[in-house]
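I have a structure I would like to understand better, so I am pasting it below and will then ask my questions one at a time.
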Amino acid sequence: MSLNGIDISKWQSGINLANIQIDFVIAKATEGLTYVDHCCDKYIQQAKKLNKPFGYYHFARPYNDAIQEADFFVKNTKGYVDDGIPCLDWEAENKWDVSWAKRFLDRVTQRTGVKPYIYMSESIANAYNWSSVVNAGYKLWVAKYKDYVVDYNYNMSNAGSKPRVKNWPSYIMWQWTSSGRLNGYNGNLDCDVFYGDNQTWNNDARKIESNHSVVPDEKPPVIEERPTDEQIAQYIADGTHGWKGVYGEERFTKLSTLGYEPVKIQSMVTAIMAKREIKPEYYTVKRGDNLTKIAKKYSTSVAKLVSLNTIKNPNLIYAGQKLRVK
């Protein structure tokens with residue numbers, strides 16, 4: 001027995017669940033420490049009205065504190081507990097940090113009494129040791145696409161081979177395409193197959209043992225102040241606070257998701273970088289020197305020295321010659 005469903009966010013804001021044939025829906029609820037998807041509740045209320053099973057997910061930003069992100073997620077999804085399945089979307093930064101994911105999952109379980117699913121790609125599932133998460137009983141929702149060719153109305157004839165994962169003995173759900181099309185909606189959708197029936201889904205949405213001790217929401221979680229535009233630009237320029245190695249389209253997407261204006265922030269970053277003067281460093285050649293010796297002294301290469309100084313013959317340098325080394 002299996003169910004066919006979709007996972008959606010604000011990017012599908014015009015969708016009407018009553019117009020499409022689905023068995024379940026999973027909606028994005030929160031991200032990081034500050035973002036709440038304004039479409040989430042609309043989707044979930046539609047699902048409830050249609051008597052469809054539903055889930056709700058948090059998009060992890062593992063440069064933050066795991067407990068704070070879990071508390072933020074719980075705070076903004078209280079009305080769905082014991083009714084829908086909570087999920088952790090694990091696809092952003094620091095994918096190696098299994099312990100972060102485990103802390104988040106444990107905290108949500110502790111706060112709600114419901115064990116979340118964790119979503120990740122087949123490659124991430126196989127790249128790291130997830131045994132601590134598996135042993136704790138957290139089920140896997142795995143993503144694997146054969147291609148990005150449009151698939152219509154859950155026709156999985158071109159879905160490709162099923163995912164194979166190392167740590168989990170099986171997975172509960174497979175997101176098999178991000179290019180799914182369903183009658184009643186004019187746009188691509190993430191399509192998923194759930195390996196179970198409605199009763200399986202409802203069981204996973206319920207609180208575990210009735211005697212489970214749930215941590216009360218005694219006070220709101222401590223939320224860090226939202227960085228200013230100037231601070232974000234500085235973080236990007238410095239490569240700190242999770243911005244190291246984030247370039248191009250990925251940077252623009254991340255800025256937009258966090259609620260910043262990408263073009264404005266990028267212009268600020270460019271201005272910061274333009275002010276950082278790079279001073280060249282020179283070395284005066286001594287008798288007995290050669291490029292290999294000089295390159296080793298300045299932790300560079302002969303090829304780099306040749307390029308910096310437009311040297312035609314690497315074997316011909318002379319005492320008193322000034323060479324740019326950095």
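Here are the criteria: (1) open to solvent by 40 Å² or more (accessible area, probe 1.4 Å); (2) among the β-branched types (Val, Ile, Thr); (3) under 30 Å from Lys10 (Cα atoms); (4) not in a loop (DSSP other than H, G, I, E, B). Tell me which single one Val269 does not satisfy.
Answer for Val269: the failing condition is (1).
To continue, here is another question. For the list (1) open to solvent by 30 Å² or more (accessible area, probe 1.4 Å); (2) part of a helix (DSSP H, G or I); (3) farther than 13 Å from Phe73 by Cα, I need the number of the one condition that Ala125 fails.
The one condition Ala125 does not meet is (1).
Taking region 101-121, which residues are within 17 Å of the chain's Cα centre (by Cα), surrounded by 20 or more Cβ atoms within 10 Å (Cβ to Cβ) and in a helix (DSSP H, G or I)?
Ala101, Phe104, Leu105, listed by residue number.
If you don't mind, there's one more thing I want to ask. If only one of Lys296, Lys264 is among the basic types (Lys, Arg), in a helix (DSSP H, G or I) and under 24 Å from Asp37 (Cα atoms), which one is it?
Lys264
Restricting the first residue to region 29-44 and requiring it to be aromatic (Phe, Trp, Tyr), which pairs with a second residue that is assigned to a loop (DSSP other than H, G, I, E, B) meet a Cβ separation below 8 Å and a spacing of at least six or different chains?
Tyr35/Leu258; Tyr35/Gly259; Tyr43/Ile15
If a residue has to be outside any strand (DSSP E or B) and on the phi < 0 side of the Ramachandran plot to count, how many in region 7-48 make the cut?
The total comes to 29.
Only residues that are over 20 Å from the mean Cα position of the chain (by Cα) and not hydrophobic (A, V, I, L, M, F, W, C): list them for region 133-146, please.
Within region 133-146, Asn135, Gly137, Lys146 qualify.
Here's another thing I want to ask about it. Would you tally the residues in region 298-326 being surrounded by 11 or more Cβ atoms within 10 Å (Cβ to Cβ) and more than 18 Å from Lys279 (Cβ to Cβ)?
Within region 298-326, residues that are surrounded by 11 or more Cβ atoms within 10 Å (Cβ to Cβ) and more than 18 Å from Lys279 (Cβ to Cβ) number 9.
Give the number of residues within region 130-141 that are open to solvent by 50 Å² or more (accessible area, probe 1.4 Å) and touching a Phe, Trp or Tyr at 6+ places or on another chain (Cβ under 9 Å).
1
Just give me the residues in region 1-32 being surrounded by fewer than 19 Cβ atoms within 10 Å (Cβ to Cβ) and under 30 Å from Ile67 (Cβ atoms), in sequence order.
Lys10, Trp11 - these are the residues of region 1-32 that are surrounded by fewer than 19 Cβ atoms within 10 Å (Cβ to Cβ) and under 30 Å from Ile67 (Cβ atoms).
I've got another one for you. Just one of Tyr195, Tyr119, Tyr154, Tyr148 is in contact with a strand residue (DSSP E or B) (Cβ under 8 Å, 6 or more places away or on another chain), among the hydroxyl-bearing types (Ser, Thr, Tyr) and under 24 Å from Gln68 (Cβ atoms); which is it?
The match here is Tyr119.
Taking the condition of being modelled with pLDDT of 95 or more, farther than 22 Å from Lys139 by Cβ and either of a type in the set (A, V, I, L, M, F, W, C) or part of a loop (DSSP other than H, G, I, E, B) (or both), how many residues in region 62-83 meet it?
The number of residues fulfilling the criteria is 2.
Further question on the same structure: Pick from Asn4, Asn51: which is in a loop (DSSP other than H, G, I, E, B) and at pLDDT 95 or above?
One residue alone meets the criteria, Asn51.
Go through (1) free of Cβ contacts under 8 Å to residues at least 60 places away in the same chain; (2) open to solvent by 50 Å² or more (accessible area, probe 1.4 Å); (3) not acidic (Asp, Glu) one by one and return the number of the condition Ala295 breaks.
Unmet for Ala295, out of (1) free of Cβ contacts under 8 Å to residues at least 60 places away in the same chain; (2) open to solvent by 50 Å² or more (accessible area, probe 1.4 Å); (3) not acidic (Asp, Glu): (2).
Kindly establish whether Tyr283 is surrounded by 12 or more Cβ atoms within 10 Å (Cβ to Cβ), in a strand (DSSP E or B) and modelled with pLDDT of 85 or more.
yes
Right, here's the next one. Say we look at region 142-170 and pick out the residues that are open to solvent by less than 40 Å² (accessible area, probe 1.4 Å) and of a type in the set (Phe, Trp, Tyr); which of these is farthest from Asn126 (Cα to Cα)?
Result: Tyr154.
Based on what the data block shows, is Lys75 in contact (Cβ under 8 Å) with a residue 40 or more places away in the chain and of a type in the set (Lys, Arg)?
Against the criterion (in contact (Cβ under 8 Å) with a residue 40 or more places away in the chain and of a type in the set (Lys, Arg)), Lys75 qualifies.
The values are calculated or read from the model by the stated rules, or taken from the named source; none is laboratory data. In this text the structure is predicted, and so the values were computed from the model without any measurement. Reconstructed Cβ throughout: ideal geometry from the backbone, glycine too, with neighbour counts over all protein chains shown. Just the protein is used for accessible areas: all its heavy atoms, side chains included, with ligands, DNA and RNA removed. Shrake-Rupley method; radii C 1.70, N 1.55, O 1.52, S 1.80 Å.
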